[in-house]
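J.: Structure provided below as structure tokens; questions to follow.
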Amino acid sequence: MRSTQLNKRHWLRRVASKLLLVGASLVFALASVEVGLRIAGFTNLNPYIADPDVGFALRPRAEGWWRREGVQYIKINSAGLRDREHTKEKPAGTLRIAVLGDSFTEAFDVEMQDAFWAVMERELQSCAAVSG
């Protein structure tokens with residue numbers, strides 16, 4: 001009976017050591033793949049966060065490569081908008097226009113300076129009707 005218990009313990013140790021070796025190998029392999037992908041610059045950008053008021057909103061300060069609708073480098077400002085940084089206090093003599101919309105307005109498939117709201121801003125800066 002003592003011999004049977006020793007054989008069982010020996011067998012359990014062998015199985016445990018093999019499982020530990022397999023687990024350690026798996027962790028090492030996944031860590032190697034992660035490091036390789038980071039070195040290669042591959043990221044999976046998720047610029048959205050859950051928002052209790054509107055469902056989803058842009059994650060403040062998120063940035064990375066957007067590859068779902070074309071390939072663009074996307075940067076979200078600290079206010080959670082796809083735009084450059086703005087002060088909360090509006091400077092005197094400044095016209096501010098809020099642009100609301102869907103993914104067309106978000107314009108992840110084009111460079112930020114080519115989005116319609118950026119073109120509108122440039123055109124309004126040269127418009128005599130809104131200056132002063």
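J.: Starting from the Cα-Cα distance between Arg59 and Ser3, subtract it from 0.36 nm times their residue separation and give me the gain in nm to one decimal.
T.: Working: separation 56, 0.36 × 56 = 20.16 nm, distance 6.33 nm.
Using 0.36 nm per residue and subtracting the Cα-Cα distance, I get 13.8 nm.
J.: Quick one: angle between helix 116-125 and the longest Cα principal axis of the chain, in degrees between 0 and 90, rounded to 10, please.
T.: 30
J.: Sticking with this one: Return the distance in nm (one decimal) between the two label points of a simple spin-label model at Arg68 and Val130, each offset 7 Å from Cα along Cα→Cβ.
T.: About 3.0 nm separates the two model spin labels.
J.: Treating cross-link reach as a plain straight distance, find the lysines whose alpha-carbon is under 24 Å from the alpha-carbon of Lys8, omitting any fewer than eight places away in the same chain.
T.: Partners found: Lys18.
J.: Separate question: Considering only Leu95, Leu81, Leu21, give the residue with the highest GNM mean-square fluctuation for the chain, with springs between Cα atoms whenever their separation is below 10 Å.
T.: Leu21
J.: Taking a cut-off of 30 Å between Cα atoms, list the lysines near Lys75, but don't count ones fewer than 8 places away on the same chain.
T.: Lys88, Lys90
J.: Then there's this: Restricting attention to the alpha-carbon atoms of region 37-99, what are Rg (one decimal) and Dmax (integer), both in Å?
T.: 14.7, 48
J.: Between (1) 1.94; (2) 0.96; (3) 1.40, which entry matches Cα Rg over 2.2 N^0.38 Å as derived from the coordinates of this structure?
T.: (1)
J.: Take the chain, connect every pair of alpha-carbon atoms lying under 10 Å apart with a spring to form a Gaussian network, then pick out the residue of Arg67, Arg96, Arg59 with the largest mean-square fluctuation.
T.: Highest fluctuation among the options: Arg96.
We did not get these values from a lab; they are worked out from the coordinates using the rules stated. These numbers were taken from a predicted model, which means no experiment stands behind them. When we count neighbours, we look across all protein chains shown, and the Cβ atoms used for this are built from the backbone with ideal geometry, even at glycine.
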